[in-house]
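Everything below concerns the one structure shown next.
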Amino acid sequence: MRIDVQIASFDPGELLNQLHADHRGTGAVVGFVGYVRDFNDGDPVSGMWLEHYPGMTEKALADIVEQAQARWLLHEVHVLHRVGQLEPGEPIVFVGVASAHRQAAFEANTFIMDYLKTRAPFWKRESTPQGERWVDAKHSDEQALSRWQSPGESS
């Protein structure tokens, strides 16, 4: 497992290639890259500031990955999340999953992103023409998370 929280940008293709190179016996590598959008909630967005709590954030991300590893047989997982000032079009997050089989890699990747979007301690502030505003998790993110939970289970 590799967890990185950093200010610097990254090359998604390079990260995917490295994940495969490090695990040649892998049958599937699935990657997700999230980017800063230039709009949100109907408003133009000119930038985003991401904050985190050092130590706590990395621990939360590691816990999410451990939950995925308990559900699926995975060779490796790499989660990289940026913090600091970001501009539209820049990558924010990378989740790469290597597994023997594609279904496990796809499902684990989606699971990790669903939990990351709702449970990882990041705080986003967007710059819009109306000023700056904090961004909360969307109801649709919570709904996506619910597919992974058993009845009566909360996270």
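FYI, it's all coordinate maths here, none of it is from the lab. The shown structure was predicted, so the numbers you read here are calculated from the model rather than taken from an experiment. Ideal geometry is used to build each Cβ from the backbone, glycine not excepted, and the neighbour counts take in all protein chains shown.
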Discussion item. What is the sum of charges, Lys and Arg at +1 and Asp and Glu at -1, for the other residues whose Cβ falls under 11 Å from the Cβ of Glu132?
Written reply: +2
Worksheet item: Just the Cα atoms of the range 39-131, one point each, no solvent: what log10 I(q)/I(0) does Debye give at q = 0.11, 0.15, 0.18 Å⁻¹?
Response: -0.38, -0.65, -0.84
Worksheet item: Name the residues of the range 65-108 whose amide N is less than 12 Å from a point 7 angstrom out from the Cα of Ala28 along the C-beta direction?
Response: 72-75, 97-108
Item to complete: Which order do the peptides 28-38, 11-21 take when ranked by the mean count of other beta-carbon atoms within 10 Å per residue, highest first?
Response: 28-38, 11-21
Worksheet, complete the sentence: For the chain, the Cα convex hull volume per residue in Å³ comes to 111
Discussion item. Between Ala8 and Trp148, how high is the FRET efficiency from 1/(1 + (r/R0)^6) when r is the Cβ-Cβ distance and R₀ = 41 Å? Nearest 0.05.
Written reply: 0.85
